[in-house]
1. Restricting attention to the range 1-25, and to residues there that are charged (D, E, K, R) and exposed (fewer than 13 other Cβ atoms within 10 Å of the Cβ), which single residue is nearest to Ala69 (Cα to Cα)?
2. Within the range 47-58, is there a residue that is under 16 Å from the mean Cα position of the chain (by Cα), free of Cβ contacts under 8 Å to residues at least 12 places away in the same chain and over 22 Å from Ala3 (Cα atoms)?
3. If I go through the range 48-86 residue by residue, how many of them are of a type in the set (A, V, I, L, M) and surrounded by fewer than 14 Cβ atoms within 10 Å (Cβ to Cβ)?
Amino acid sequence: MAAGDEVVLRIGQDLADLVEAGRAADLHHAASNAYLLLHGAVNRYLVEAAAALAERERLSQGGARADAAGRIADLHELLPNPLTGT
């Protein structure tokens, strides 16, 4: 993951804390939304986010979209699977 091991470990701990606090349903919702951003009906928001990133960071549209999609994919990988609960 682009964030690095230390950041990934911190995010993992934060997610575990949310589960312990009874917020697993929120995490499943977030995982579903991340999936839809990458593959589904709300993919247009990824395109809009990439356009804003391209303008702000002076990146190409393709580079910005790849960067945004990669970050969302990393997040999706860290979140629990809403179908299996894991």
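1. Asp5
2. Looking for residues that are under 16 Å from the mean Cα position of the chain (by Cα), free of Cβ contacts under 8 Å to residues at least 12 places away in the same chain and over 22 Å from Ala3 (Cα atoms), one finds at least one in the range 47-58, hence yes.
3. Total satisfying the criteria: 3.
Readers should treat all values here as calculations from the given coordinates under stated rules, not as data from a laboratory. Because the structure is predicted, anything quoted here is derived from the model rather than measured. With ideal geometry, Cβ positions are generated from the backbone for all residues, glycine too; neighbour counts draw on all protein chains shown.
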